[in-house]
1. Condition (residue is at pLDDT 70 or above, within 27 Å of Leu126 (Cβ to Cβ) and of a type in the set (Lys, Arg)) applied to the range 33-49: is it met by at least one residue?
2. Residues in the range 51-86 that are surrounded by 12 or more Cβ atoms within 10 Å (Cβ to Cβ), over 23 Å from Leu126 (Cβ atoms) and among the hydrophobic types (A, V, I, L, M, F, W, C): how many?
3. If you check every pair at least six apart or on different chains, which have Cβ atoms under 7 Å apart with a residue in the range 92-103 that is free of Cβ contacts under 8 Å to residues at least 60 places away in the same chain first and a residue that is of a type in the set (Asp, Glu) and loosely packed, with under 14 Cβ neighbours inside 10 Å second?
4. Listed residues Val136, Val57; which is more than 30 Å from Arg36 (Cβ to Cβ), among the aliphatic types (A, V, I, L, M), modelled with pLDDT of 85 or more and in a helix (DSSP H, G or I)?
5. Take the range 101-133 and flag every residue that is assigned to a loop (DSSP other than H, G, I, E, B), of a type in the set (S, T, N, Q) and out of contact with any helix residue (DSSP H, G or I) (no Cβ under 8 Å at 6 or more places or on another chain).
6. Residues of the range 93-124 being surrounded by 15 or more Cβ atoms within 10 Å (Cβ to Cβ) and more than 17 Å from the chain's Cα centre (by Cα), which ones?
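The values are calculated or read from the model by the stated rules, or taken from the named source; none is laboratory data. Predicted, not measured: the structure shown is a model, and the values here were computed from it. Counting neighbours? That spans all protein chains shown, and the Cβs are built from the backbone with ideal geometry, glycine included.
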Amino acid sequence: MHRACYPRKPRGERGVLDESYQRRLSFCCAEDGCRRRCTPASVRFLGRKVYLGVIVVLITALNHGLSASRRQRLIETLGVCVQTLRRWQQWWREQFVQTRCWRGLAGQFLPPILTAHLPSALLERLSGRALSERVVQLLVLIAPTTTTTGSPRAMADPRKM
């Protein structure tokens, strides 16, 4: 396999990350003219979103319990517009819950997780003591949703495993 990394310009990070975050890891074959990529699952980026995965998770999770003034401060600090926040909330409630990844995870939690409260309800159920530990666990759990070209095992339908 050969590398076929492509540039990313993650938003919301305010220059605190190293240069490795400026590229999305991807692989390709060495065949001339072949432009197909095999992009592995990522805990940095959630699919084609330009914000880092941790920001998408945290701001949508925190949005459930924030006062209006704290929400506004968080939005301003991270440079996320209100429409983007609404789009992320819609992604968790409508698109994420339709993924194979979620269908495989949802059955592992009793009582069931209320999808209307994702991702905060999922963060609450994870075992880490610190929020940072639980966020990392969540990002690893949902990594298969970050690409359509991930490993066959990661993308497999859990009902067939």
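1. Checked the range 33-49: at least one residue is at pLDDT 70 or above, within 27 Å of Leu126 (Cβ to Cβ) and of a type in the set (Lys, Arg).
2. Of the residues in the range 51-86, 2 are surrounded by 12 or more Cβ atoms within 10 Å (Cβ to Cβ), over 23 Å from Leu126 (Cβ atoms) and among the hydrophobic types (A, V, I, L, M, F, W, C).
3. Arg100/Asp157
4. The unique qualifying residue is Val136.
5. Passing the criteria: only Gln108.
6. If the condition is that a residue be surrounded by 15 or more Cβ atoms within 10 Å (Cβ to Cβ) and more than 17 Å from the chain's Cα centre (by Cα), then Ile113 is the only one that fits.
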